[in-house]
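*Asks:* My structure is below; once you've seen it, I'll send some questions.
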Amino acid sequence: LKDGLKFPVDYSCSCIKVAEKGCANFYESGERKDGVYTIDADGFGAFQVWCDMQTVGGWTVFQRRQDGSVNFHLNWSEYKVGFGNLSGEFWLGLDNIHRLTKYNQSVLRVDLMDIDGSKGYAQYMSFSVASESESYKLNVGNFSGNAGDSLSYHNGMMFTTKDRDNDKRENDNCATNRKGAWWFNNCARSNLNALETQS
């Protein structure tokens, strides 16, 4: 009893730490280790992401290809929710990419390495992905980098999978003939989800 108030002898707290909005927030808080983190990008529920804390720090990774161990020639529902393993090859899911980019201005960075180990990057200061009702339309612009601009050609395009054809090519599904889903225009100048080859 303190000041006329009774306190319980035993109590517990159902406390939940509010998740960060993205990997940049963890980086700003002092985190420097790459790995799986839990975020809540828009306040509508937490999900796990891979955070790259080494490449200029604090990047939320939504796609990674390393060794061809994961099949990326999948259907709409699989691209919607995501697939693979966050510690290896994966696609985060179009719904989650939309959640990451719908409120805040987002920057996209694409890091590439060829079979000989040569590295390059492409960065876009404007990046967002619309909701499913707009077929996850891509908005990308303001390029910089040394890997060449292969993505601006796809600006404004809806996402196409082998079972949902939203590309501009008539009588052909670019996702089917390129063996991977993407924001295809009249097919592609880039497709980071295509079947990997060693050539």
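The values are calculated or read from the model by the stated rules, or taken from the named source; none is laboratory data. Treat the numbers as computed from the prediction; the structure is a model and nothing was measured. Glycine also receives a Cβ, built like all others from the backbone with ideal geometry; neighbour counts cover every protein chain displayed.
*Asks:* Got a sec? Which of GLY180, GLY145 is at pLDDT 95 or above, under 14 Å from TYR79 (Cα atoms) and of a type outside the set (A, V, I, L, M)?
*Replies:* GLY180
*Asks:* Specify the residue that is surrounded by the fewest Cβ atoms within 10 Å (Cβ to Cβ); the eligible residues are those in region 93-123 that are closer than 14 Å to TRP59 by Cβ and either in contact with a helix residue (DSSP H, G or I) (Cβ under 8 Å, 6 or more places away or on another chain) or of a type in the set (Lys, Arg) (or both).
*Replies:* The selected residue is ARG109.
*Asks:* Further question on the same structure: Can you name the residue in region 30-57 that is of a type in the set (A, V, I, L, M, F, W, C) and touching a Phe, Trp or Tyr at 6+ places or on another chain (Cβ under 9 Å) and is also nearest to GLY93 (Cα to Cα) among such residues?
*Replies:* It comes out as VAL49.
*Asks:* Test GLY148 against the criterion of being in a loop (DSSP other than H, G, I, E, B), on the phi > 0 side of the Ramachandran plot, surrounded by fewer than 14 Cβ atoms within 10 Å (Cβ to Cβ) and in contact with a Gly (Cβ under 9 Å, 6 or more places away or on another chain), and give yes or no.
*Replies:* It is true that GLY148 is in a loop (DSSP other than H, G, I, E, B), on the phi > 0 side of the Ramachandran plot, surrounded by fewer than 14 Cβ atoms within 10 Å (Cβ to Cβ) and in contact with a Gly (Cβ under 9 Å, 6 or more places away or on another chain).
*Asks:* Which pairs have Cβ atoms under 7 Å, sit 6 or more apart or on different chains, and link a residue in region 54-72 that is in contact (Cβ under 8 Å) with a residue 24 or more places away in the chain to one that is acidic (Asp, Glu) and in a loop (DSSP other than H, G, I, E, B)?
*Replies:* Going by the 7 Å Cβ cut-off, the qualifying pairs are ARG64/GLU89; ARG65/GLU89; ARG65/GLU196; GLY68/GLU196.
*Asks:* Quick one: which residue in GLN48, GLN54 is surrounded by fewer than 19 Cβ atoms within 10 Å (Cβ to Cβ), within 13 Å of the chain's Cα centre (by Cα) and among the polar types (S, T, N, Q)?
*Replies:* None of the others qualify; the one that does is GLN48.
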